[in-house]
Structures are given as C-alpha cells and as structure tokens.
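Here is the structure we will look at, set down as structure tokens.
The values are calculated or read from the model by the stated rules, or taken from the named source; none is laboratory data. Keep in mind that this is a model prediction, so the values were computed, not measured. When we count neighbours, we look across all protein chains shown, and the Cβ atoms used for this are built from the backbone with ideal geometry, even at glycine. With ligands, DNA and RNA removed, areas are computed over all heavy atoms of the protein, side chains included. Shrake-Rupley method; radii C 1.70, N 1.55, O 1.52, S 1.80 Å.
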Amino acid sequence: MVEPDYLKFDTLSLHAGQEPDPTTGSRGVPIYQTTSYSFVDTEHAAGLFNLEQPGHIYSRISNPTVAVLEERLAALEGGVGAVCTASGMAAFHLACATIMSAGNHVVASRNIYGGSHNMLNLTMPRFGINTTFVDPRDPDAWRAAITDDTRVLFAETLGNPGIEVLNVPVIAEIAHEHGLPLMLDATFTTPYLMKPIELGADIVMHSVTKFLGGHGIALGGVVIDGGRFDWAASGKFPTLSEPYDGYHGITFAEEYGHQALSMRARAEGLRDFGAAMSPSNAFHLLQGVETLPLRMQRHVENTSDVIEFLEGNDAVSWVSHPSVSTHPDHELAKELLPKGAGAILSFGITGGREAGRRFIENVQLASHVANVGDAKTLVIHPASTTHQQLSADDLTAAGVGEDLIRLSVGLEDPEDIIADLARALRASQKG
Amino acid sequence: MQLEFRGATVNFATGGVQIDDSQPPVLMVHGAGMDRTVWSQQTRYLAHHGFSAMAVDLPGHGDSTGDLVSTVPEMADWLADLIRTLNFGPVRLVGHSMGCLIALEVAARHSDVTERLVLMGAAAAMPVHPDLLGAAERNEVLAPQLMTAWAHGSRAHIAGNPTPGLWMRSGCQALLERASDGVIHNDLSACNSYEAGDIAGQVQCPVTVIVGSEDKMTPPKATAQLVAGFDEVELQHLEGIGHMMMLEAPDQIREIVLAALR
Ligand SMILES: Cc1ncc(COP(=O)(O)O)c(C=O)c1O
C-alpha cells in the first residue's frame, strides 16, 4: 500500500511556511518590521482591499514574518489556516468574536485558565454572550447545557488546576451531534503531544507565549482553523454563511468553504479589533517552534523524573498529573497523549498555606512567576499569590487547596531541578 | 448562488457578486472529490473584471444536492443541459483535472454552448493508482491524504501560500475529507475509466492549456499528448508548480486566465 509522502512533524517545525527569502536569499526568517506595503498600482490596491487577490496591505491584517509563523502552526496542527494574535487571550477573543454575536451562548469546561474564565464569565456577558460552565469529565453535563443559542463548546486539552484530560473525541461528537463546533485551548499540550483536529476538534487556539515559544520572551496567540466543520450546513453562523457588507456582500462560506473561518477572522477580526502579533514577536516565537519536538520530549522526561521524586518525598501529600496512576484520567491520557501529558503538575505540601509560602520563598533555581511553559522551571503557590484573597473554603471550591503548589517543569538538568525542590521542601517543613 | 435544476439544487460561488447577464459568463469546473472553493483565488477577481464568474459545485459535491453522476460523458451532458436550461450560454469553460475532461466533452459534443476552453491539470487519460482507488472505495482518509500528497508541487508542501495564514496541504485534505462518502470514489472511477479517443480533434473553439512542471497527477508528458491533438491551442508552462496550480500559483493563473478569457 502506498503512503502519502508528507513531510514529517520535526521537518515542518523547521521549514513550514518559509523558503529562503526570494530577494536576499536569507535562510533565517527575516523580520519584516514594517507597517505597510507598497501597491503596484491602484488596480492592485483595489484588488487587495476587495479580497480579489491575496497579499499584504497593512501589518494589522497580515505581515510576512507573522505569516510564516501562521503557516507553520497551521501545518503542525493540521489546520487549513491560522491567524496569529498579540496574545493567547486575544486569540480566544478573536475566535469567539468571529463566530458569535450578542444573544449567543457558550458551553465551557469549568476547569480552564483563569483569564479565559474571566472573559467568559464576566466580560462576554456585557456583550450579550453568556456561558454555562460544566465538569469537563461529564459528557451528560455538556449535553444538558446546550441550548438553541449555543454556538461553541470550549475546553482545554489539559485543564486547570487538576490537569484534567479532555476526552476530545467524545466531546467533539456531542458538539457535532448538535451542529456545533468544538474549540480547544491546546496551550498545555502543543501539537507535539496532541493533534486535536485529528481527534475531532474544529478550532484550536494557543497561548503561543508558552511552550510553542518556549523561551518566555514574547507574548503571542494563534487561532487555528480545522477546516472540517460545515458552517453553512449548520445554519447557526451568519458571520460565515451570509453576505457581509464589509466586503461588498461576500459570503465567506460560499467563496472559501472550508477556509471561511480563517478568512473572516483576519478580514474582519484583525482589521477591526486589531490585536495583531508584532513581527518581532513572530520572529522570536518562530525560533522556539523550530525546536518544539526536542524541547517537549525533554519537558516530558524531566516531568517524569520530578514526579518520581515528589512521590517519594515526605513533605508531599499528593501529586496530580495524568501520568500518575491515581489521576482520574490516567488511562485516557495513555490513549490520547501517548507521548506524554505535558510538563505542568500540581502537588500538595504538608503544612498547608504557611508551608506553601515557605516552599516558594526557598526555591532558588525554580522561578516564582505567574506563567507556565517556559524553558525554565516555574513555581507558584496560588493560595499565597493569585488566590490569596480567598478563604480556605473558597479555595477548595475553586479546586485550589491551600496546600496546592503548581509546577511547570523546565529543561534544566533534572538532578538540579530535584535538588532545588528537595531543599525548598525541607525548608518548608521547618515552621 | 443556488439554482434549481433537474429537481436538485446547484450551488455556485460567484465571487460575492450578483450575476449580471450583460457580462460574458465563465463557468469553472472543479476536479475529483473537490468543490467550487478550489477557484477561490480566481472567482472573485474575474467577477470584478468584467465576467459573470460562476464556480459550480457538481451534483453531490460541495453544497449542490442531487445524485452523483458516474461517468465523464454524463457529467458533460449534465453541464451542457444546465448551461442551456438556465440560459447561461455560450460560456467560457475553465476546468481543472476531472473538470478538464468534462469541459473537453462539452466542447466536443455540445459546441453550441462552448465559446472557449481554459484547461489546467489536463490529460486525455487519467489512470488512477489502484491503492488510491481502493482507499476511496473504502472511504478511508488515506484517499484524501494520497491525493493531497500527489496534487502539490514540492514547494507547496513546505511554504509559500500567497494568502497569508493559509496552509495549502491541510486545505486540500480538509476539502477532500468534507466530501460525502462515495464522492471521491465516484469521481476517481469516472476518471479512471474515461476513454478520450480523439476528443481534442473534435474541439472547435480556442483552447488554452496550463501545465505545472511538478504535476504528478497529470504529468507534463500526459498533458503534451492531449495538446498535440488540438487544432488551435495556447500552451502556458508554470515552473515548480504542481496539480493544484490555481491555489499554488494564483497570481500567475489569474493573469493567464484573464488574458485567455478576454
Ligand atoms: C491555558 C492558557 N490559555 C490561555 C492563556 C492566555 O495566554 P496569553 O497570556 O498569551 O494571553 C494562558 C496564559 O497563561 C494559558 O495558560
């Protein structure tokens, strides 16, 4: 049987979206640090503005350096197109704003990043879009929450704070049974660990800020269009299936079919909301993506060493990561995440809030920051930082116990990471 | 645009422009398993440059309803009947791959409705690899994968989509995956069993043929055999471009098509 001779993942990480610069031969991706692009003549300008022909007009809408990153991320995810944005939050907003309008409704996992939760829970309702939050592990809860106004199901591939593994094929099927798309935040997995589109997701977004960039030096986001969802057949997405006055009556689904979402998100969403990625950030993020497969493999290996250490340490009362056999999604993770369930884990420290505070103050190599997915190991103790205003009961309700420490395992030598954690754990117990 | 014909809905992309009867009509016909959107880089441009541009979804493809048509000559009869019944004609026909075979048959046997042909990814015979035919018959994802792999030049497998942010390979694969079960097999079987005979010799109207040097599905040699049969033909060569030339080289294709149609 013949096989498709596709370029493989590692090759695409280095090459997709770029060929040597046609004018200079530059092998590295050049930073096109420009706001605008010269038109050949008025006819060319008119054609670009009217979507009659492709090309760059103004860097809020597209930029050649950013386009390399977009094509590369679409390639790695197996999406038909991608739109990069200024941050992960901007990507989430862009995707929502492209497919929804006032009066629409979202069903979302309750175990998502705090920023995304805020946007859905507090901000979007001001614009007439409401959300019902459900337990991501409960398919019936997803089904029950869908109403006539629902337009998208949203979750993270790996949730927060319990590192819940989303059963993507099951939730995708529920979405599709109702003529709805499934949108996933795949920040914690990256396309190296999971390809959500192949599993049934329709839209994938990332905070490129995290593992994709890997270096923690540039913010960025991306919306990736899976291209399999039939917007016109669903009948629920007028932004894609009805004429749009913004471009003389174009109907995106009719002209672009499977690429309608990518085209509308750029032509309307970047044009009007303007949360574009800067070319310099795209350049920095591209350097990270080049080594994504190597880094993710090492993140996963180091995570496994760190977990083994934590499980044997007396100051640690529990460890939560899908690779641990007591994790509720352990079996599902083996199936959906055969290369590993990421490098973010949480553990409980004996001695609660006070011990957590002492632990954080005693780590030396690990950095105490509000971020994850850096090449460097990062720690945070929510009860004494991001969630310090909450009572013990409120913390438990939020799934963030007083004793919870979150760790994003980096690429340092695992022995050094472990030595640092061991020292801080010892110190934490000397109250 | 959606029109009723033979008890089914026929869907067209018209570039977001209402069809204007005073403009010369151009009918664009897609290839096996695909739909109107393969012309997305040309339809809107032609619609704004003096033509009634209509990229059709064949029956059972894209957003057209109706039963699949199982042979190329029958597809051509369907198209000629459509042109006559809906009073489009005579039209300029632009075809890709299987759409070229259909356009050739229409031009040869229904010369009254055909004014001009522009063919890309064309050959008089389109034998299909048995493994591909088998995968298509079983509705396996391998069929879209093989077609996508073979349908693009080496450059398109890496980079260079002129539309910022679009990734060509998955674009093609998603398009083919959206086809309902049986569609790809129907079309590939129609191509595989098609016997052209001296079709080129029967074409009376002017013909433009565009060849991609890296076209693996209708290789330049196969196109050359077809071209040799025409009385009057203009040949355009695209270096480094594969079978999906209207997406791989949209700017060049737009220019060639516009010049040919005028
Ligand atoms: C899972 C997840 N999604 C989205 C975001 C938001 O991304 P950004 O900070 O790039 O806006 C974050 C950032 O912390 C995140 O962890």
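Starting from the stretch A:231-250, take each residue that is more than 18 Å from A:SER262 (Cβ to Cβ) and list its partners that are surrounded by fewer than 18 Cβ atoms within 10 Å (Cβ to Cβ) and among the small types (Gly, Ala, Ser), counting only C-beta distances under 6 angstrom and pairs at least six apart or across chains.
These pairs meet every condition: A:PRO243/A:GLY249.
Given (1) part of a loop (DSSP other than H, G, I, E, B); (2) more than 10 Å from the ligand (Cβ to nearest atom); (3) crowded, with 24+ Cβ neighbours inside 10 Å, identify the lone condition not met by A:GLY179.
The one condition A:GLY179 does not meet is (3).
If I ask for residues that are within 19 Å of B:GLN41 (Cβ to Cβ), within 17 Å of the chain's Cα centre (by Cα) and in a loop (DSSP other than H, G, I, E, B), which ones from the stretch B:218-255 would you list?
Across the stretch B:218-255, the qualifying residues are B:ILE241, B:GLY242, B:HIS243, B:MET244, B:ALA249.
Can you tell me which residue among A:SER346, A:SER367 is away from every other protein chain (no Cβ under 14 Å), free of Cβ contacts under 8 Å to residues at least 24 places away in the same chain and within 16 Å of the ligand (Cβ to nearest atom)? If you could, list the steps in order and put the result at the bottom.
Values: A:SER346 fails: free of Cβ contacts under 8 Å to residues at least 24 places away in the same chain.
A:SER367 is the lone residue from the list that is away from every other protein chain (no Cβ under 14 Å), free of Cβ contacts under 8 Å to residues at least 24 places away in the same chain and within 16 Å of the ligand (Cβ to nearest atom).
Condition test on B:ASP198, is it part of a loop (DSSP other than H, G, I, E, B) and open to solvent by 50 Å² or more (accessible area, probe 1.4 Å)?
Yes: the conditions hold for B:ASP198.
Scan the stretch B:190-217 and report the pairs whose first residue is over 11 Å from B:ALA123 (Cβ atoms) and whose second residue is surrounded by 22 or more Cβ atoms within 10 Å (Cβ to Cβ) and among the polar types (S, T, N, Q), with Cβ atoms within less than 7 Å and a gap of 6+ or a chain change.
Note: pairs meeting the criteria are B:CYS205/B:THR114.
State yes or no: is B:ALA179 crowded, with 18+ Cβ neighbours inside 10 Å and within 14 Å of another protein chain (Cβ to nearest Cβ)? It would help to see each step written out before you state the result.
On the way: crowded, with 18+ Cβ neighbours inside 10 Å: yes; within 14 Å of another protein chain (Cβ to nearest Cβ): yes.
When the stated conditions are applied, B:ALA179 passes them.
Against the definition (at the interface with chain B (Cβ under 8 Å from one of its Cβ atoms) and within 16 Å of the ligand (Cβ to nearest atom)), how does A:ALA91 come out, yes or no? Lay out the reasoning, then the answer.
On the way: at the interface with chain B (Cβ under 8 Å from one of its Cβ atoms): no; within 16 Å of the ligand (Cβ to nearest atom): yes.
No.
When you scan the stretch A:203-241, how many residues do you find that are acidic (Asp, Glu) and either open to solvent by 10 Å² or more (accessible area, probe 1.4 Å) or within 10 Å of the ligand (Cβ to nearest atom) (or both)?
Going residue by residue through the stretch A:203-241, those that are acidic (Asp, Glu) are A:225, A:230.
With either open to solvent by 10 Å² or more (accessible area, probe 1.4 Å) or within 10 Å of the ligand (Cβ to nearest atom) (or both) added as a condition, the list becomes A:230.
Residues that pass the stated criteria total 1.
Residue check, A:ALA260 against (1) within 16 Å of the ligand (Cβ to nearest atom); (2) open to solvent by less than 60 Å² (accessible area, probe 1.4 Å); (3) at pLDDT 95 or above; (4) touching a Leu at 6+ places or on another chain (Cβ under 8 Å), all met but one. Which one?
(1)
Among the helices (runs of 4 or more DSSP H) confined wholly to the stretch A:329-431, which include 3 or more residues that are within 28 Å of the chain's Cα centre (by Cα) and closer than 27 Å to A:THR190 by Cα? Spell out the reasoning first.
On the way: elements: A:330-336, A:352-362, A:392-397, A:414-428.
In the stretch A:329-431, A:330-336, A:414-428 are the helices (runs of 4 or more DSSP H) which contain 3 or more residues that are within 28 Å of the chain's Cα centre (by Cα) and closer than 27 Å to A:THR190 by Cα.
List pairs: first in the stretch A:1-28 and more than 7 Å from every other protein chain (Cβ to nearest Cβ) and surrounded by 10 or more Cβ atoms within 10 Å (Cβ to Cβ), second hydroxyl-bearing (Ser, Thr, Tyr) and part of a helix (DSSP H, G or I), Cβ under 9 Å, 6+ apart or cross-chain?
Close Cβ pairs (under 9 Å, with a partner that is hydroxyl-bearing (Ser, Thr, Tyr) and part of a helix (DSSP H, G or I)) amount to A:PHE9/A:TYR192; A:SER13/A:TYR192.
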